[in-house]
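Notes to accompany the following structure.
The values are calculated or read from the model by the stated rules, or taken from the named source; none is laboratory data. Just so it is clear, the model here is predicted, and its values are computed rather than measured. So basically every Cβ, Gly included, is an ideal-geometry build from the backbone, and we count neighbours across all protein chains shown. Just the protein is used for accessible areas: all its heavy atoms, side chains included, with ligands, DNA and RNA removed. Shrake-Rupley method; radii C 1.70, N 1.55, O 1.52, S 1.80 Å.
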Amino acid sequence: MMEHARQDFLLSDYQPADFPGLVSYWEFSQSSETFTAQQGEPYVLRSQVGPLEVVADASAPLGASALRIETGQWLNIARSECPLLDIHGPEGQLTVVAWIKREDLSRGCEFIAGQWNESHRGRQYGLFLNIATWGTSEQICGHLSHVGGPTPGYKYCIDGPMGASPVPYDEWVMVAMSYDGSNGYAWLNGQLDARPGLNPYSLAGGLYDSGPNGSDFTVGAVDRSGVIGNFFSGWLAGLAVYRRALTPAEIYALSQL
C-alpha cells in the first residue's frame with residue numbers, strides 16, 4: 001500500500017513539460033478571448049466567437065478551473081503562427097492529450113483538437129469523439145491522413161485508431177491520440193483503449209503536408225463541407241501537444257497529474 005501511495009505521489013509531481021517533445025501545453029484560469037500556452041511554445045489560442053468563460057471546478061484535473069465550451073464555440077491558431085504544430089511527412093510523430101468533461105447532448109461527432117480541414121483537403125491529424133464508424137460510436141478516434149482528402153475508395157477519411165470504450169458524460173477523463181510514424185493509438189485515462197484491428201491502427205506513409213495554405217490548428221470544431229462544425233460541448237481543463245509518440249508509461253503519468 002505504501003509503495004502505491006509513493007508511486008502516485010511521484011507521478012503527480014510531473015508537469016507536461018517534463019516529457020520531451022512538448023510543443024505547447026494550455027491550462028485555463030481566467031475568462032478571455034485568448035489563451036497563451038503556459039509551457040512549451042507560447043502559442044495563442046484565439047476564440048472565434050468572443051470571450052469564453054473559465055469556470056471554477058474543484059474536481060477539475062490540473063487545477064480548480066476549466067474552459068467552458070458550448071456548442072458553436074471554438075478556438076483557432078493560424079497555421080503561420082504555430083509552425084511546430086504543423087506535424088507532417090514520413091518522420092512526423094505526435095501525441096495530443098486533452099483533459100475533458102463531456103456534456104450530455106444529442107449530437108454527432110465532436111472535435112477536440114488538431115490540424116484537420118476537410119473542406120480544403122487539409123487533413124493531417126485530429127482528436128475526435130463519437131465518430132460512428134465500424135458499427136459503434138462515442139469512442140475516441142485519432143484521425144490521421146497521409147492523403148489530405150478522404151481515404152481512397154471512401155467518401156470520408158476512415159483512417160486512425162478508434163477505441164473500444166464509450167467516453168462517459170459529466171465525468172472528467174483524459175483522452176489522447178498518438179502516432180509513431182507507423183501506427184496510431186487511442187488512449188483513455190492513461191490506458192491504451194485496445195480494439196483488435198482498430199487500436200493500434202496501422203498507417204504507414206506518414207502524415208499529409210497541407211502546405212502554407214493548409215489547415216490551422218483548431219480546438220472544439222473543424223472546417224468541413226465549407227462550414228465550421230463537429231462542435232465539442234463540455235469543459236476543457238488542459239490540452240497538450242507533443243512532436244513524438246509518448247510511451248505508455250508517459251501517457252499513464254500524464255493521466256495522474
Across (1) touching a Cys at 6+ places or on another chain (Cβ under 6 Å); (2) among the hydroxyl-bearing types (Ser, Thr, Tyr); (3) under 20 Å from Leu84 (Cβ atoms), Tyr125 clears everything bar (1)
Does the range 196-211 include one or more residues that are farther than 20 Å from Asp159 by Cα, touching a Gly at 6+ places or on another chain (Cβ under 6 Å), open to solvent by less than 10 Å² (accessible area, probe 1.4 Å) and part of a loop (DSSP other than H, G, I, E, B)?
no
Filter result for Val175 (modelled with pLDDT under 95, of a type in the set (A, V, I, L, M), farther than 19 Å from Asn76 by Cα and in contact with a strand residue (DSSP E or B) (Cβ under 9 Å, 6 or more places away or on another chain))
no
Please state which one of Tyr14, Tyr25 is modelled with pLDDT under 95 and among the hydroxyl-bearing types (Ser, Thr, Tyr).
Tyr14
Going by the structure shown, is Glu81 surrounded by fewer than 20 Cβ atoms within 10 Å (Cβ to Cβ), farther than 24 Å from Thr247 by Cβ and in contact (Cβ under 8 Å) with a residue 12 or more places away in the chain?
yes
So, in the range 241-257, of the ones that are open to solvent by 50 Å² or more (accessible area, probe 1.4 Å) and part of a loop (DSSP other than H, G, I, E, B), which residue ends up nearest to Phe28 (Cα to Cα)?
Gln256
Cβ pairs under 9 Å, 6+ apart or interchain, first in the range 98-116 and under 11 Å from Asp170 (Cα atoms), second aromatic (Phe, Trp, Tyr) and outside any strand (DSSP E or B), ordered by first then second residue, are Ile100/Phe232; Arg102/Phe232; Glu103/Phe232
Scan the range 156-163 and give yes if some residue there is touching a Leu at 6+ places or on another chain (Cβ under 9 Å), among the aromatic types (Phe, Trp, Tyr) and over 25 Å from Phe19 (Cα atoms), otherwise no.
no
Out of Ala56, Ala64, which single residue is open to solvent by less than 80 Å² (accessible area, probe 1.4 Å), within 18 Å of Ser32 (Cβ to Cβ) and of a type in the set (A, V, I, L, M)?
Ala64
Quick test of your reading of the structure: Ser137 fulfils all but one of (1) of a type in the set (S, T, N, Q); (2) over 13 Å from the mean Cα position of the chain (by Cα); (3) closer than 17 Å to Ile228 by Cα. Name the failing condition by number.
(3)
Return the pairs, sorted by first residue and then second, in which the second residue is β-branched (Val, Ile, Thr), the first residue lies in the range 15-30 and is open to solvent by 40 Å² or more (accessible area, probe 1.4 Å), the beta carbons are less than 7 Å apart, and the residues are 6+ apart or on different chains.
Ser29/Val54; Gln30/Val54
Residues of the range 31-40 being open to solvent by less than 70 Å² (accessible area, probe 1.4 Å) and under 19 Å from Thr95 (Cα atoms), in sequence order, are Ala37, Gln39, Gly40
Residue in the range 192-202 that is among the hydroxyl-bearing types (Ser, Thr, Tyr) and under 24 Å from Pro83 (Cα atoms) present
no
Kindly list the number of the only condition in (1) under 19 Å from Ala240 (Cβ atoms); (2) open to solvent by 30 Å² or more (accessible area, probe 1.4 Å) that fails for Thr71.
(1)
Tell me, please, whether a residue that is in contact with a Phe, Trp or Tyr (Cβ under 6 Å, 6 or more places away or on another chain), in contact (Cβ under 8 Å) with a residue 24 or more places away in the chain, under 23 Å from His88 (Cα atoms) and hydroxyl-bearing (Ser, Thr, Tyr) can be found in the range 178-189.
yes
Here the residues within the range 105-143 that are farther than 14 Å from Thr218 by Cα and charged (D, E, K, R) are Arg107, Arg121, Glu138
Can you report the number of residues in the range 212-240 which are assigned to a loop (DSSP other than H, G, I, E, B), over 21 Å from Phe28 (Cα atoms) and open to solvent by less than 30 Å² (accessible area, probe 1.4 Å)?
3
